[in-house]
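Participant: One structure, pasted below without further comment.
Derivation of every value follows stated rules applied to the coordinates shown; laboratory data play no part. Quantities reported herein were computed from a predicted structural model and do not represent experimental measurements. Cβ atoms come from the backbone with ideal geometry, glycine included; neighbour counts cover every protein chain shown.
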Amino acid sequence: MLPSIQQVLWKNFAASMDMLRDSITLYPEELWYSEKDFFYRAYHTLIFLDYYLTIPVTDFKPLLWYTITSKDQLPAGAIDDVIPNNHYSKQEMLTYLKAIREKGKGLITEASEEKLMGRWISAQEVTRHGLCPSTVAAYSLLEILFYNLRHIQHHVGQLNLLLRQHIQQAPGWISQAD
């Protein structure tokens, strides 16, 4: 039964990442640097997607680095205190997403039932990167995978709304990935 569940989870997880890829790809290059709301949401989604797929969290080394800043110093358009160190290009973001996708596939399809039911993050790791909200600190790996899937879809919806507002179009729905 476990391989069937892993396959279903992977196909849906990958589909959500493909939808994120399509949203980033469709966003116009001429708006990428001037309309920062889209960039900050896309970056936020990528950094947390990567973080929640890192086991153990001590191994988290994002390809596109960030700084945690105080709430009173947030740049316009930022959605949280995790601020990218650069205004990364669309290609850099898509390359990062591709790497995360491979990482996620390995994690989901190769995890044992014991690993899936085990705690996602150790108590010592919770504050290590400044990214772990208290609401997920006690999650199992399976729970953080579902949380991560919902997080991606939440922000893809926001990105698609921004696309509709700026260019009157958004990518289509992807029901399952290969």
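Participant: Return Glu92, Glu29 ranked ascending by Cβ neighbour count within 10 Å, so the fewest neighbours appear first. Intermediate values should be presented prior to the final figure.
Facilitator: Details: Glu92 15, Glu29 8.
Ranking Glu92, Glu29 by Cβ neighbours within 10 Å, fewest first, gives Glu29, Glu92.
Participant: Calculate the FRET efficiency for Gln169 and Asn86 from the Cβ-Cβ distance with a Förster distance of 25 Å, rounded to the nearest 0.05. Please report the intermediate quantities before stating the final value.
Facilitator: Numbers: r = 28 Å, r/R0 = 1.12.
So the FRET efficiency works out to roughly 0.35.
Participant: Right, next: Modelling each spin label as a point 7 Å along the Cα-to-Cβ direction, I'd like the Thr109/Ala76 distance in nm, to one decimal.
Facilitator: Placing both labels 7 Å along Cα→Cβ, they lie 4.5 nm apart.
Participant: When all alpha-carbon pairs of region 12-154 are counted, what percent fall beyond 24 Å? List each step's numbers first, then the result.
Facilitator: Numbers: 3049 of 10153 pairs.
Cα-Cα pairs of region 12-154 separated by over 24 Å account for 30 percent.
Participant: Which residue, chosen from Ala137, Pro84, Ser23, occupies the Cα position most advanced towards the positive end of the dipole of the chain, where the dipole is computed from +1 (Lys, Arg) and -1 (Asp, Glu) charges on Cβ about the Cα centre?
Facilitator: Ala137
Participant: Hey, can you grab everything whose amide H is under 5 Å from the amide H of Trp120? Only 5+ residues off in sequence or another chain; H modelled, so Pro and N-termini drop out.
Facilitator: Tyr139, Ser140, Leu141
Participant: I want to check the label-to-label distance for Glu143 and Thr58. Put each point 7 Å from Cα in the C-beta direction and report it in nm to one decimal.
Facilitator: Spacing of the two 7 Å Cα→Cβ label points: 2.3 nm.
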